[in-house]
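Let me begin by presenting the structure, written as structure tokens, before commenting on it.
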Amino acid sequence: MASAVRDNILAVFDSLSPKQRRLARFILDSEEVVAFASADELAAQVGTSAATVVRFARSLGYDGYPDLQSAVRSHFPQFRTAAQKMAERVAGGNSFSVGLREMVAQFGVGNVRQTLEQVHPAELEQIVSALCRARRICIFAGGLSAGSALLAEYAFSMLGFSARAFTEAGLRPLLEISQMQKDDVVIGISIWRYIGSTVEAVQAAYEAGLTCIALTDSPVASITRYSHHTLFATTEGAVHGRSLLGIVALVDLLAAAVAAYQPERSVEALQRIDAVYRQHGHLQEE
């Protein structure tokens, strides 16, 4: 999202009506639609009227929707325009062409690159410092995000942390939070469509005084209200839905940063785990 458009929306977001917030969220999360769709088409996507779209654009300081659209297009990544053309060819029947493979690759590479470019070094340092102080790390996620929570659990466990992923709603996550101590860390992973139980768990941890880290795809996602640190992922899917590659990149980045922050602890943990695997015959020898 073009920074000026994003900043303009965030500046007024709290004062918007529920319908306007829905439109704002969609614009923030779906710039590829804004870049190519008419006001009528955007309105249909959100379930509102074209007049509302135009008024919203003007409330942000733009002359109208075309002016807002131009602002988005001015920073629109080039790989997406190429992807748009690829998608049109797929719709025309060229489903298994080389172009389709190129489109998927461009989306994947673009998601990872944009995600990592958004990480501020100072924010990353604060997050890593909090993780390294933690006695326990709990990761909450649901729906599409659940797989990345299990990846995070594995990554931190391999580095010697007491890490646990919770991917289902219910009492267990709240009981776990009640047993955590001051320096422990909660990570919430929440991308569109946002799962209520994930946000509720992070909110409970936040209110309990625990350090909360959010991995999400939107600056107006509900989980950001209850996080001390937030990292944003680009999650555009090549065809439909959302991609987890940006979130996976963030998990990999955090694990790599923690390992670099305290290398001796990390190496010792990996050696212990490798020894256990070999002792109990869990590794297939070459």
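Each value in this text was obtained by applying a stated rule to the coordinates, not by laboratory testing. Because the structure is predicted, anything quoted here is derived from the model rather than measured. Cβ atoms come from the backbone with ideal geometry, glycine included; neighbour counts cover every protein chain shown.
Output the direction-averaged projected area (hull surface divided by four) of the convex hull of the alpha-carbon atoms of the range 183-286, in nm².
9.8 nm²
Suppose a student asked you for the relative contact order of the chain, using Cα pairs under 8 Å spaced at least 6 residues apart; what percent would you report?
17 percent
Identify, among V112, S178, A269, the residue whose Cα sits farthest towards the positive end of the charge dipole of the chain, taking +1 on the Cβ of Lys and Arg and -1 on the Cβ of Asp and Glu, with the dipole about the Cα centre.
Of the options given, the answer is S178.
Pick out, in residue order, every one of the trypsin sites (Lys or Arg not before Pro) in the range 97-190 that is DSSP loop and has at most 13 other C-beta atoms within 10 Å; say none if there are none.
Passing both the DSSP loop test and the Cβ count: R135, K182.
In what sequence do S38, S243 fall when counting other Cβ within 10 Å, fewest first?
Lowest count first: S38, S243.
Which value, in nm² and rounded to one decimal, describes the direction-averaged projected area of the C-alpha convex hull of the chain?
18.1 nm²
When a footprinting reagent is the concern and you count Cβ atoms within 10 Å, what order do V119, V199 take, fewest first?
V119, V199
In nm, to one decimal, how far is the modelled label at K19 from the one at R101, with both set 7 Å along Cα→Cβ?
Taking the simple label geometry, K19 and R101 are separated by 4.9 nm.
Which value, in debye to the nearest 20, describes the size of the charge dipole of the range 121-278 about its Cα centre when Lys and Arg Cβ atoms bear +1, Asp and Glu Cβ atoms bear -1, and nothing else is charged?
240 debye
Of M158, V128, I213, which is farthest along the charge dipole of the chain in the positive direction, counting Lys and Arg as +1 and Asp and Glu as -1 at C-beta?
The one lying farthest along the dipole's positive direction is I213.
Could I get the Rg over Rh figure for the range 145-185? Both from C-alpha atoms, Rh via Kirkwood, rounded to two places.
Over the Cα atoms of the range 145-185, Rg/Rh equals 0.98.
With 10 angstrom as the radius, rank T211, T52, T167 by how many other C-beta atoms surround their C-beta, starting from the fewest.
Ascending Cβ contact count within 10 Å gives the list T52, T167, T211.
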